[in-house]
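Report on the following structure.
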Amino acid sequence: LSDNAVKYGEIAQHLHDAFREGGSGIGATWPHAEILGLPALVPPLLRIDYIWHSDDFRTVNAFTAPQRGSDHYPVVATLALRRVD
């Protein structure tokens, strides 16, 4: 699911994209060249993994992590519960 896709827009009408709110850069998560046997110079090119949250939370920060084990890089976010007045 690209963030340019119609479905992304439909989801974004109801939920917040944590990386878009608290991350920097493009947040590309695929492909993980090493796992797929591609040349190491091939960077992740597509942003297709997301953390969605409701209005009850706010994004403190978000980033893609360098862990191995999948053909996707993980998205990591710190969320905080919004104050209830």
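Only the coordinates and a few stated rules stand behind these numbers; no lab work does. All values reported here derive from a predicted model rather than from experimental measurement. Here Cβ is always computed from backbone atoms with ideal geometry, including for glycine, and neighbour counts include all displayed protein chains.
Data table
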| quantity | calculated |
| --- | --- |
| Using θ = phi - 60° and Karplus 6.51 cos²θ - 1.76 cosθ + 1.60, couplings along segment 23-31 (whole Hz; Gly, Pro as x) | x, 9, x, 8, x, 4, 10, 8, x |
| Inter-label distance for Leu41 and Ala65, nm, one decimal - labels placed 7 Å from Cα along Cα-to-Cβ | 3.0 nm |
| Proxy reagent accessibility, fewest Cβ within 10 Å first, across Val42, Val75, Val84 | Val84, Val42, Val75 |
| ³J(HN,Hα), Karplus 6.51/-1.76/1.60, whole Hz, each residue of segment 49-63, x for Gly, Pro | 10, 9, 10, 9, 8, 7, 5, 5, 10, 10, 8, 7, 7, 7, 7 |
| Fewest-first sequence of Trp30, Trp52 by Cβ atoms within 10 Å of each Cβ | Trp52, Trp30 |
| FRET efficiency, Lys7 to Thr78 (Cβ-Cβ, R0 41 Å, nearest 0.05) | 0.95 |
| Amide H partners (placed H, <5 Å) of Asp49, local residues excluded | Thr29 |
| Per-residue ³J(HN,Hα) for segment 2-8, Karplus 6.51 cos²θ - 1.76 cosθ + 1.60, θ = phi - 60°, Hz, x for Gly and Pro | 7, 6, 9, 6, 4, 4, 4 |
| Cut-off under 5 Å, modelled amide H: who pairs with Leu79 long-range | Val60 |
| 5 angstrom amide H check on Ile26, placed H, neighbours 5+ away | none |
| Whole-number percent relative contact order across segment 6-81, with pairs defined as alpha carbons under 8 Å at least 6 apart | 35 percent |
